[in-house]
1. Take peptide B:4-16, look around each residue's Cβ out to 10 angstrom, count Cβ atoms belonging to other protein chains, and average those counts.
2. What ratio of Cα Rg to 2.2 N^0.38 Å holds for chain A?
3. What does the average come to when, for each residue of peptide B:144-152, you count the partner chain Cβ atoms lying within 10 Å of its Cβ?
4. Mind listing the label-point distances from residue A:143 to the same position on all other copies, shortest first, one decimal in nm, points 7 Å along Cα→Cβ?
5. Starting from a label point 7 Å past Cα on the Cβ side, list the distances from residue A:53 to the same position in the other copies, nm, shortest first.
6. To the nearest 500 deg cm²/dmol, what mean residue ellipticity at 222 nm is calculated for the protein assembly as shown from DSSP H runs of n ≥ 4 alone, each contributing -39,500 (n - 2.57), summed and divided by the residues?
7. Could you give the nm distance between label points at residue A:53 and residue A:114, where each point is 7 Å from its Cα heading toward the beta carbon?
8. When the gyration tensor of the range A:3-85 is built from Cα positions, what are the square roots of 5 times its three eigenvalues, in whole Å, from largest to smallest?
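Every read-out reported here was derived from the displayed coordinates using simple, explicitly stated rules and does not represent laboratory data. Owing to the predicted nature of the structure, the values given are computational and were not obtained by experimental measurement. Note that each Cβ is placed from the backbone with ideal geometry, even for glycine, and that neighbours are counted across all protein chains shown.
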DNA sequence: TTAAACTTTCAAAATTTATTGAAACTTTAA
DNA sequence: TTAAAGTTTCAATAAATTTTGAAAGTTTAA
């Protein structure tokens, strides 16, 4: 496997993983491309490398910026924008975990809270609904707390502690 | 919010969460329905409750069985199949984590291994590709180990230990 | 100002994914 | 056997999502 093959494999693997986890393929591939690039890239560069349209590139780069994963760079004397991604994997994981928690997990926790606190009318069906959604709520809440904690620290102490525990 | 509203909200919330995380909406909704049901349900029951077709129900129930989340029950003297889901949230989380790791994470770790072990031809681009994919590989590998460990134990000792660490 | 260099927007088209429903298949009871 | 009661399969259709590309918008330099 030479450089070009390895690069293509990385970009396509990342794109597929994204798709499996509900992330737009182009978005994941742009991030992958920037992640292994030695310098910031322009819209043209991205279009050329991934063979995608200008509109697609523009929209997905904006989304990556919204997520806090990609930053825009302006170079003196140049009009076009240069994009680069967070290069530190730990920091990248933190950002993604934080954003997915905020956008997708927290609203569900809130909904489970609402559902599990309906009035118990005495029926077995209602009792079961309350019991099960409460259990789910507690689990989601705990998992989210661990994630948030793992994510809030610049230092990687939690991961280190966990690894110590599990050997 | 009465029982029916709460039930509908739960089913639709679970369906949407599934969609966001790359899981078929019907599949997530069937699981949600079984999760709050006081007894095992038939194909007819599911079709009726979720207003989906027989084919859709059949295919998604089979997938849930493949995942190990739903089990089929046969009742003496009856031909039709009754389905129920794992009711313990911890166990459910374990099964899902284990399956997604096996199906989606491990193949990516393997790909990252292959990519990051290409021959260093001396170019900065190749060096960067190797460095970055190696870092990603290490992170994915560590995260996956923690997950597997958390998931392999019937007891919930790891979660408890982590919660102790983070207060 | 003007126009060149760029970015954004968004309706239409293309693609992907999910769903249907009816035919084929399987199992069991009579 | 046969037929009733069920399940599965899969081609066709529908729905959702992604992508395109051209027009509109923005910014800057002259």
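1. What the average comes to for B:4-16 is 4.
2. Cα-based Rg divided by the globular estimate yields 1.36.
3. Details: counts 0, 4, 6, 0, 1, 5, 4, 0, 1.
The per-residue average across the peptide is 2.
4. Distances between equivalent label points, in nm: 1.4.
5. 3.1
6. -22000 deg cm²/dmol
7. It works out to 3.7 nm between the two label points.
8. 20, 15, 11
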